[in-house]
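Student: The structure's right below; bear with me while I get my questions together.
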Amino acid sequence: MMVNIPVIENFLSNSCFLILFLTTVYYWLKIGFGGKSSFSFTGLTGYGSALCCLTLQLILRWVDSGHFPLSNLYESLIFLAWCLLLLYIYIEVSTKTLFLGVLTSPAILCLVAFTDFSLPTELQQSTPLVPALQSNWLVMHVTVMIASYAALLLGCFIAIAYLVLSKFFIKTTFVTAPLSSQNTVLRQESFLEEKQKTDIVFEKNDKNLKFLFFLDNLSYRTIGIGFCFLTLGILSGAIWANETWGNYWSWDPKETWAFITWLTFACYLHSRLVGGWTGSKPALVASFGVLVVWVCYLGVNLLGQGLHSYGFLNV
Amino acid sequence: MQHCVRASAGATAHHTVGTYRCRLAPPAGPCQRTALPLAHTKLPAAHRRRCRVDCRSTQGPAAAPTLSDSDSEPSSTSGWRPPRPPPPPPQGPSPLRQLYKRTLKQLSNLKLALAELAVIAALSAVGTVIKQGETYEFYMENYPEEGRKVLGFLTGRIVVALQLDHIYTAEYFLLLLALLGASLTACTITNQWPAVKVARRWRFKGEQASLARLEVASRVPDARLVDVGRVLAAKNYQVFMKDGQLYGFKGLAGKLGPIGVHASMLLCMAGFVTGALGGFTGSVMIPQGSETVVASALRSASPLAWNPGGASAVIRCDDFRIDYREDGSVRQFYSDLTVLDVDGREQSTKTVSVNQPLRFGGVTAYQTDWSMSALKVRVAGSFVAPEDTAFQLPMAALNGGDSKLYATFLPAEDPALAPPGTAPRGVSILARDLQTVTFYDSKGEFAGVRRLGSGKPIEVEGMTIVAQEVLAATGLELKADPGVPLVYAGFGGLCVTTVVSYLSHSQVWAAQAGSGVIVGGTSNRAKVAFEQELSDMLGEVPEVLQQAPALVDVSGTGSSNGSSSGSNSSSSSSGSKDSKEQVL
């Protein structure tokens, strides 16, 4: 090829890092010192250009190696960053909140930094696929799993932000009204007499409570999407394994940890849907879920053995 | 929608039944059969049935008030008439049915289910930390008894005794999974299915109090019910209107979704069990050119397994090739397999590779392994014959490292003549892959490398050797799993129903109240989005202004105010007593 692909890839990864760094600085300055500034699209341009860099990088790797760029740890980390960026851009556009950028831009920055600078260079090379990975299921299974990790991680970060804010920054006082506080915040003008009484009490804390409730709800929805993808990912992995080795479940560490992640978030969803929990209790489950997702994604590869140890670090 | 909520939620209560606060008025009168006061069950329709058939006292059958008590203090009881002459002994349902119902109730408890999920997750995690399926010596070595014990107490003996070395097939783990299955079933029977039946049997809410109690409720002034209905219908709600009341819903599939999820999981579990009990499995190494009877390689999973049709077939390996890349790594393994029936007739032929298995008669053969079985060489100057002769030397696997290593030995002198206890002189030939072989002389010194099929000879120990070909054996994993169709069906169902469960089941009730409409609604999933959607919709309802209210004082001449615009509203703001419509 006339074009030197490794050089371009290097340039792209460096520029992606730089753009994310600038975006992080922008968000921190904006939220820290910007005061009550209105929503603007500057932050999104930063995210958008980082997304373009990563897309180009993935396409180049695809062209270079001839197979879908998701065969080793490096490529899956890049893809995870890509999914996180895409998901975050969607959330920011639809909710028009700047606050979340404060959390997610350093997180994605750290991820990209770890991927490009901390991983040994041997792991960054695109290697040809081993026979077991030469299947169309690779595209389906790994894509959906990484997308689910992205959604779950994002949802859990938001839940952690909720916990931090609700414990340390926003002091909420709840009146022992016969109506639950959540209903009171939600309810529009009502004609029951009690409403007048509680309305006055909540006026002061209303904006903060509304924001907290918004965070809570956003984390719930994001984790909901992530759980859906996780289910699809696990099932497609099982079907692929059955087609390749005749065994849809072999209690491989990676499979087992994906199952554990699934169980954890099933607990989370059931506690919300059936148990009616809202607020900090599910957020605690979600913050535990972050650890589970990380162990499932990275911990198993770095520490364990098994079917998922292709080209990964075998410690 | 459940009308009895747990006591911790802050709904307005009418009366308490056990730990539930019931928002309906308590049922009137005692049970007609047993004269015990009535209790609600969780669902309104079911309770109406039950109070005729299955009455339960609020305090239990032993605590039924006696006749003398109720006669002397009629006012202290909560509003039921004194009982009739001595009631017959409580007949109720049979003890077996009561036990069944109580078990179902215990099993469908959410806390129990969450605990089950947590314990299964924890045990699964343990299985990833402790290496599974190793030998006893492995655990003794890695979890020592003396010295520094792992975690301070975990020794090899404990690991084996608690079955932590094969935790996923341990009885307690399987029992936990079975318990989870039982909980899923119980939940579907007691909660989800009845909830669907209730959801399908919608009812209007006409009372403003009940409308007000909905999660999202609002009053739209100067509006007509029919306009509200029109706006709802435009947003894909199914709307029903009757007598100044309205009910609309959408997304009923969202209520069925969770049942589908549980049902699919149960189907998967059924498939797992079928496969675990009824399957056959085995692996076999077939050298090129040889064949093997499938049944000889299969082992049944349990005595309950039934033979697949393909067990009587014979597999012949015609060829085995490895496709190498330029850098020496493997691109793909290919085996040309032929399936023959008992009489030797060819049934099918296929080139099998790693992601392309061979299926026949309920058995599937997967390419999972390979080995070398023999090395074909031409040797000139051997002790057997001085001229160029072809030999086929059997190869054996050497255990060392992760990659495969096979070796064979070509003696340079007759082994029978060698002194007993010593090895004869000869050439060791090693091979890692099907591309090259390496030669070592009797002293173990490296002699040379030759590419197979190049025809280039090598001189070792006085012989001229040409390495021609390695005869490989293909390693096939044979499986017959009758549970796979069930498992796949369950997986497919799970995929679809998980997505469907995310649909919100939204319901909206409305009633015309004077000049305005009171609207209330609830949704089981996206509550915030529903609130937003409802307020948007109500914003779209056109405002219908009443005729100017009469300036004359209304109280004495109420009937003259009958003229009104719109459907059935009269000027209501003055709250005239003569007005028949109940307004605020």
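The values are calculated or read from the model by the stated rules, or taken from the named source; none is laboratory data. The structure displayed is predicted, hence computed values, not measured ones. Counting neighbours? That spans all protein chains shown, and the Cβs are built from the backbone with ideal geometry, glycine included.
Student: Among the listed residues B:179, B:184, identify the single one that is surrounded by fewer than 18 Cβ atoms within 10 Å (Cβ to Cβ) and either farther than 30 Å from residue B:366 by Cβ or not charged (D, E, K, R) (or both). Write out each step before concluding.
Tutor: Working: B:184 fails: surrounded by fewer than 18 Cβ atoms within 10 Å (Cβ to Cβ).
One residue alone meets the criteria, B:179.
Student: Quick check on my filter: what residues within the range A:265-278 are within 9 Å of chain B (Cβ to nearest Cβ) and at pLDDT below 90? Reasoning before the result, please.
Tutor: Taking the range A:265-278 as the starting set, the residues that turn out to be within 9 Å of chain B (Cβ to nearest Cβ) are A:266-267, A:270-271, A:273-276.
The answer is A:270, A:271, A:273, A:274, A:275, A:276.
Student: Would you mention how many residues in the range B:218-271 are hydrophobic (A, V, I, L, M, F, W, C) and either within 12 Å of the chain's Cα centre (by Cα) or under 15 Å from residue B:524 (Cβ atoms) (or both)?
Tutor: Step one: filter the range B:218-271 for residues hydrophobic (A, V, I, L, M, F, W, C), giving B:220, B:223, B:225-226, B:228, B:231-234, B:239-241, B:246, B:249, B:252-253, B:256, B:259, B:261, B:263, B:265-270.
In the following step, the residues that additionally are either within 12 Å of the chain's Cα centre (by Cα) or under 15 Å from residue B:524 (Cβ atoms) (or both) were identified as B:249, B:252-253, B:256, B:259, B:261, B:263, B:265-270.
Within the range B:218-271, residues that are hydrophobic (A, V, I, L, M, F, W, C) and either within 12 Å of the chain's Cα centre (by Cα) or under 15 Å from residue B:524 (Cβ atoms) (or both) number 13.
Student: Taking the range B:133-179 as the search range and keeping residues that are in a loop (DSSP other than H, G, I, E, B) and among the β-branched types (Val, Ile, Thr), which one is modelled with the lowest pLDDT? Explain how you work it out, then say what you get.
Tutor: First, the residues of the range B:133-179 that are in a loop (DSSP other than H, G, I, E, B): B:133-135, B:143-149, B:151-153, B:155, B:162-163, B:170.
Now drop any that are not among the β-branched types (Val, Ile, Thr), which leaves B:135, B:155.
On the way: B:135: 84, B:155: 81.
In this case the residue turns out to be B:155.
Student: Can you tell me which residues in the range A:76-114 are under 16 Å from residue A:24 (Cβ atoms) and among the β-branched types (Val, Ile, Thr)? Before you say what the answer is, go through the steps one by one.
Tutor: The first filter runs over the range A:76-114 and keeps only residues under 16 Å from residue A:24 (Cβ atoms), leaving A:81, A:84-85, A:88-89, A:92, A:98-114.
The answer is A:89, A:102, A:104, A:108, A:112.
Student: Quickly run through the range A:110-152 and pick out the residues that are under 17 Å from residue A:88 (Cα atoms), surrounded by fewer than 18 Cβ atoms within 10 Å (Cβ to Cβ) and within 14 Å of chain B (Cβ to nearest Cβ).
Tutor: Across the range A:110-152, there are no qualifying residues.
Student: Here is a follow-up. Considering each of A:251, A:277 in turn, give the residue that is free of Cβ contacts under 8 Å to residues at least 12 places away in the same chain, at positive phi and assigned by the TED database to the domain that holds residue A:226.
Tutor: On the way: A:277 fails: at positive phi.
A:251 is the lone residue from the list that is free of Cβ contacts under 8 Å to residues at least 12 places away in the same chain, at positive phi and assigned by the TED database to the domain that holds residue A:226.
Student: Determine if the range B:128-140 includes at least one residue that is closer than 25 Å to residue B:277 by Cα and in contact (Cβ under 8 Å) with a residue 60 or more places away in the chain.
Tutor: Within the range B:128-140, none of the residues are closer than 25 Å to residue B:277 by Cα and in contact (Cβ under 8 Å) with a residue 60 or more places away in the chain.
Student: Applying the selection to the range B:461-475, what residues are crowded, with 21+ Cβ neighbours inside 10 Å and closer than 24 Å to residue B:413 by Cα? Before you say what the answer is, go through the steps one by one.
Tutor: Let us first name the residues in the range B:461-475 that are crowded, with 21+ Cβ neighbours inside 10 Å, namely B:465, B:467, B:470, B:472-474.
B:465, B:467, B:470 - these are the residues of the range B:461-475 that are crowded, with 21+ Cβ neighbours inside 10 Å and closer than 24 Å to residue B:413 by Cα.
Student: Could you list, ordered by first residue, the pairs with Cβ atoms under 7 Å in which the first is in the range A:153-182 and modelled with pLDDT of 50 or more and surrounded by fewer than 19 Cβ atoms within 10 Å (Cβ to Cβ) and the second is not hydrophobic (A, V, I, L, M, F, W, C) and not in a helix (DSSP H, G or I), at least 6 apart or interchain?
Tutor: A:172/A:205
Student: State which residue is farthest from residue B:497 (Cα to Cα) when the search covers only the range A:255-264 and only residues that are buried (at least 21 other Cβ atoms within 10 Å of the Cβ) and more than 7 Å from chain B (Cβ to nearest Cβ).
Tutor: Within the range A:255-264, the match that is farthest from residue B:497 (Cα to Cα) is A:255.
Student: Just give me the residues in the range B:476-490 being of a type outside the set (D, E, K, R) and either surrounded by 23 or more Cβ atoms within 10 Å (Cβ to Cβ) or in a strand (DSSP E or B) (or both), in sequence order.
Tutor: Let us first name the residues in the range B:476-490 that are of a type outside the set (D, E, K, R), namely B:476, B:478, B:480, B:482-490.
Within the range B:476-490, B:476, B:478, B:480, B:487 qualify.
Student: Any idea which of (1) within 14 Å of chain A (Cβ to nearest Cβ); (2) of a type in the set (D, E, K, R); (3) over 20 Å from residue A:300 (Cα atoms) is the one residue B:131 doesn't satisfy?
Tutor: Result: residue B:131 fails condition (3) only.
Student: Since residue A:62 meets every condition but one in (1) under 19 Å from residue A:255 (Cα atoms); (2) surrounded by fewer than 17 Cβ atoms within 10 Å (Cβ to Cβ), which condition does it not meet?
Tutor: (1)
Student: On to the next question. So, residue B:355, is that one farther than 28 Å from residue B:467 by Cα, more than 14 Å from chain A (Cβ to nearest Cβ) and of a type in the set (S, T, N, Q) or not? Walk me through how you get there before you give the answer.
Tutor: Values: farther than 28 Å from residue B:467 by Cα: yes; more than 14 Å from chain A (Cβ to nearest Cβ): no; of a type in the set (S, T, N, Q): yes.
No; evaluated as a whole, the condition is false for this residue.
Student: On to the next question. Got a sec? Which of B:384, B:342 is closer than 25 Å to residue B:279 by Cβ and assigned to a loop (DSSP other than H, G, I, E, B)? Don't jump to the end; show me each part of the working.
Tutor: Numbers: B:384 fails: closer than 25 Å to residue B:279 by Cβ.
Among B:384, B:342, only B:342 is closer than 25 Å to residue B:279 by Cβ and assigned to a loop (DSSP other than H, G, I, E, B).
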